[in-house]
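Chemist: Structure incoming, see below.
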Amino acid sequence: LLSSQLNLTNESLSKLNSVIRTHHRITLSEKSNWCKSLMIQPIKATETIVWSFVRDFSQPQKYKHFIKTCQLTSGDGITVGSIRDLVVISGLPASMSKERLEVLDDENQVLSFRVLGGDHRLKDYQSVTSVNALSDREGRALTLVVESYVVEVPEGNTAEDTRSLADTIVRLNLQNLAEVSVSAAG
Ligand code: A9S
């Protein structure tokens, strides 16, 4: 549905499908109580600008406005296994999160992290974000950010509630990413 709104060329459409199949395939464990989602955000800025925000594992607060501060506690923020400690803004049902860098692929522009701990309800949250340069049928360049995640549903919560919380945060993050990228483009 979104792809028809975006009026992508056939080539861009098959590239998008291939990216989703290759980088956003989620392998669920044997546990049954998981939920997952995938979102796509078009951005009117170059992939280079958008990727520069997404790849910066040590400064997610540049576009994730729920994050107050971020401190690397292990690694350099570029090497897989780097760990960041986040302090969350007040007003959320959480105050901190600990996250590990799982993938930083500059060639394919893919970043993935996993939640290791914290005092929040998104235990075992794992996400993949990719930045893709595509074009529409009018020949206009278009950057599409694809973000997918999988998360365990906590005891006493429904999959719908967990998904709705995570979807809301991811959607806002992606909108903020679009805003900061467009501003940075000047
Ligand atoms: O940071 C992301 O990319 C996505 C999400 C859904 C992060 C959520 C969060 O960091 C809070 C904002 C603190 C909300 C975590 C891991 C748990 C929350 O409850």
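Chemist: Yes or no: Lys64 crowded, with 18+ Cβ neighbours inside 10 Å and either charged (D, E, K, R) or more than 16 Å from the chain's Cα centre (by Cα) (or both)? Write out each step before concluding.
Modeler: On the way: crowded, with 18+ Cβ neighbours inside 10 Å: yes; either charged (D, E, K, R) or more than 16 Å from the chain's Cα centre (by Cα) (or both): yes.
Taking the combined requirement at face value, the residue satisfies it.
Chemist: Write out, first by first residue and then by second, each pair whose Cβ atoms fall under 8 Å of each other, whose residues are 6+ apart or on separate chains, and whose first residue, in segment 107-124, is more than 28 Å from Leu16 (Cα to Cα) while the second is of a type in the set (Asp, Glu) and assigned to a strand (DSSP E or B).
Modeler: Hits for this filter: Leu116/Glu99; Lys123/Glu152.
Chemist: All but one of (1) within 16 Å of the ligand (Cβ to nearest atom); (2) more than 28 Å from Ser12 (Cα to Cα) hold for Gly81; which doesn't?
Modeler: Condition not satisfied by Gly81: (1).
Chemist: Hey, Arg171 hits all of (1) closer than 19 Å to Leu111 by Cβ; (2) surrounded by 17 or more Cβ atoms within 10 Å (Cβ to Cβ); (3) not aliphatic (A, V, I, L, M) but one; which does it fall short on?
Modeler: Condition not satisfied by Arg171: (2).
Chemist: Could you list all residues from segment 163-186 that are among the β-branched types (Val, Ile, Thr) and more than 10 Å from the ligand (Cβ to nearest atom)? Working first, answer last.
Modeler: From segment 163-186, those among the β-branched types (Val, Ile, Thr) are 168-170, 180, 182; that's our starting set.
Val180, Val182, listed by residue number.
Chemist: Restricting segment 84-96 to residues that are closer than 14 Å to Gln59 by Cα and not charged (D, E, K, R), which is nearest to the ligand (Cβ to nearest atom)? Spell out the reasoning first.
Modeler: Here is the first cut: in segment 84-96, the ones closer than 14 Å to Gln59 by Cα are 84-88.
So of that shortlist, the ones also not charged (D, E, K, R) come out as 86-88.
Values: Leu86: 6, Val87: 9, Val88: 4 Å.
That would be Val88.
Chemist: State all residues of segment 130-156 that are in contact (Cβ under 8 Å) with a residue 60 or more places away in the chain, away from the ligand (no atom under 15 Å from the Cβ) and among the charged types (D, E, K, R); if no residue qualifies, say none. Please lay out each step first, then the result.
Modeler: Of segment 130-156, the ones in contact (Cβ under 8 Å) with a residue 60 or more places away in the chain are 130-138, 141-153.
Next cut, away from the ligand (no atom under 15 Å from the Cβ) only: 132-138, 141-144.
Within segment 130-156, Asp136, Arg137, Glu138 qualify.
We did not get these values from a lab; they are worked out from the coordinates using the rules stated. Note that the structure is a prediction, hence the values are computed from the model and not measured. Every residue, glycine as well, gets a Cβ built from its backbone with ideal geometry; the counts of neighbours run over all protein chains shown.
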